[in-house]
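The values are calculated or read from the model by the stated rules, or taken from the named source; none is laboratory data. The structure presented is a predicted model; accordingly, all values stated were derived computationally and were not measured. Positions of Cβ are generated from backbone atoms using ideal geometry, with glycine treated the same way; all protein chains shown enter the neighbour counts. Heavy atoms of the whole protein, side chains included, go into the accessibility calculation; ligands, DNA and RNA do not. Shrake-Rupley method; radii C 1.70, N 1.55, O 1.52, S 1.80 Å.
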Amino acid sequence: MLDPKLLRTDPQAAAANLARRGFVLDVNAYAGFESQRKDIQTRMEQLRNERNTRSKDIGKAKSRGEDTAALMAQVAELGTRLKSAEQEFARVEAELDAIQLGLPNLLHDSVPDGRDETANRVVRSWGEAPQFDFKPKDHTDLGAERGLIDFESAAKISGARFVVLKGPLAKLHRALIQFMLDVHTREHGYQEVYVPYLVNAETLRGTGQLPKFAEDLFAVQGESGFFLIPTAEVPVTNLARNEILEADSLPRRYVAHTPCFRAEAGAAGKDTRGMIRQHQFEKVELVQMVKPDDSFQALEQLTGHAEHILQKLGLPYRVVALCAGDTGFASAKTYDLEVWLPGQQRYREISSCSNCTDFQARRLLARWRNPDSGKPELLHTLNGSGVAVGRALIAVMENCQDKQGRIHVPQALHAYMGASTVI
């Protein structure tokens, strides 16, 4: 959520920033509701003061033995008018809240201009794409040949966009998870957390998934009010909701492995083959909570932590700065890591690392106490995949294959695979 003070005092500046995304802020509509809110608030204060004055007059009249019927009628009438004003105020507040909840974050000045992914900018790359003396297969064919990837059984159990992994491939998937958790906790100083996979609507509003992305969520049937998490970012970032963190406890760095559940409502017809885009997938997620002055340095650091995983696995990748039109709703700046997939002969996203500045913290009321002022201030929150497990599995399969269709497990994973160093 954007700072309401900015929207009130300089809505044109906010509108100009949002326009970089292709988002149109109706400044006049917002100003109109804000003017109504102020007018009604003033009227409510006047009615309350007048009612309080008349109520005191009733007490004085009674003490003098005078008839108070007229005064009591005036107090009742003022109460009716006040209730009507309060209802009108609530309606206008709801309109303003709806507008504010629909506004994306303001972009950082360093975000490249552009309307879509074609304007994203490659910042750096690492590793060389492997050269094969044969035509490399994609992960679907590699896994299906040995019966290790089973889409038919998954479709029977659940439907499209699900998968069953078997034998050594399921073990490799598990090894990747443990490897990532160990690297991030031992080498990068993150605290591992285990969090709920079911969350309430308030939790999703806090990180920006609701109301904007309701159609991409899986809601639990019945009256529970639960949703399956689309990413561990949601429950982990909410650890700071309604909290005031002390300065010496910052930065907070958390890592969590969770399944993620996404309806992919906006991805109909995209990536229908293989495991690239699934309704259920695993991620190891990184979340940081930092002082505002430190957040863009923290973004570079967090991105480097995700890169370190790919480097240890020997997977070629590139870092891409997302342009204004491709930057996510809650983010002020995002880097995507794109890993090379020989089976597709292209780079594909495997991690997205974002600085959300105070956008989520304002919704969450997540704060830290500034020792210079002694007052609570909003935190800055960051998140990034460290990395997406299913796509890491795909990348290992395709980059580490040989002519016989075998998969050579990267050295970094040998300790997690036992004797199964070749699949």
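The residues listed here are PHE23, PHE89, PHE33; of these, the one that is closer than 30 Å to ASP358 by Cβ and open to solvent by 50 Å² or more (accessible area, probe 1.4 Å) is PHE23. When residues of region 25-36 are filtered for being of a type in the set (A, V, I, L, M, F, W, C) and within 11 Å of LEU103 (Cβ to Cβ), how many remain? Qualifying residue count, region 25-36: 1. Applying a threshold of 6 Å to beta carbon distances and a minimum spacing of six or more residues, or different chains, the list of pairs starting in region 116-145 at a residue that is over 30 Å from ALA324 (Cα atoms) and ending at one that is acidic (Asp, Glu) and surrounded by 15 or more Cβ atoms within 10 Å (Cβ to Cβ) reads HIS139/GLU398.
Using the structure shown, decide if ARG362 is open to solvent by 10 Å² or more (accessible area, probe 1.4 Å), in contact with a Leu (Cβ under 8 Å, 6 or more places away or on another chain), among the charged types (D, E, K, R) and not in a strand (DSSP E or B). Judged against the criteria, ARG362 is a match. For ILE58, the test of being surrounded by 12 or more Cβ atoms within 10 Å (Cβ to Cβ), closer than 30 Å to LEU210 by Cβ and of a type in the set (Val, Ile, Thr) is failed.
Annotation: of all residues in region 127-172 being in contact with a strand residue (DSSP E or B) (Cβ under 6 Å, 6 or more places away or on another chain) and assigned to a strand (DSSP E or B), the one that is nearest to LYS333 (Cα to Cα) is VAL164.
Restricting attention to region 388-404, the residues that are part of a helix (DSSP H, G or I), open to solvent by 10 Å² or more (accessible area, probe 1.4 Å) and over 18 Å from GLU285 (Cα atoms) add up to 1. Taking the conditions (1) within 26 Å of GLY328 (Cβ to Cβ); (2) without any contact (Cβ under 8 Å) to a residue 12 or more places away in the chain in turn, PRO11 satisfies each one other than (2). Candidates LEU103, LEU142: the one that is under 30 Å from ASN355 (Cα atoms), among the hydrophobic types (A, V, I, L, M, F, W, C), modelled with pLDDT of 95 or more and open to solvent by less than 40 Å² (accessible area, probe 1.4 Å) is LEU103.
For region 295-325, a tally of residues being open to solvent by 40 Å² or more (accessible area, probe 1.4 Å), touching a Leu at 6+ places or on another chain (Cβ under 8 Å) and acidic (Asp, Glu) returns 0. When PRO196 is tested against the conditions (1) touching a Pro at 6+ places or on another chain (Cβ under 6 Å); (2) open to solvent by 20 Å² or more (accessible area, probe 1.4 Å); (3) closer than 21 Å to TRP368 by Cβ, the lone failure is (3). Selection of region 210-253 for residues being among the hydroxyl-bearing types (Ser, Thr, Tyr) and surrounded by 17 or more Cβ atoms within 10 Å (Cβ to Cβ) yields THR231, THR237.
Looking across region 254-271 at every residue that is touching a residue at least 24 places away in the same chain (Cβ under 8 Å) and closer than 17 Å to GLU349 by Cβ, the one that is most open to solvent (accessible area, probe 1.4 Å) is identified as ARG262.
Filtered by the rule that a residue be out of contact with any Leu (no Cβ under 7 Å at 6 or more places or on another chain), in a strand (DSSP E or B) and in contact (Cβ under 8 Å) with a residue 60 or more places away in the chain, region 341-352 gives a lone residue, LEU341. Of the listed requirements (1) on the phi < 0 side of the Ramachandran plot; (2) of a type outside the set (Asp, Glu); (3) at pLDDT 95 or above, GLN221 misses just one: (3).
When we screen THR9, THR53 for residues that are within 30 Å of CYS323 (Cα to Cα), open to solvent by 50 Å² or more (accessible area, probe 1.4 Å), at pLDDT below 95 and not charged (D, E, K, R), the only hit is THR9.
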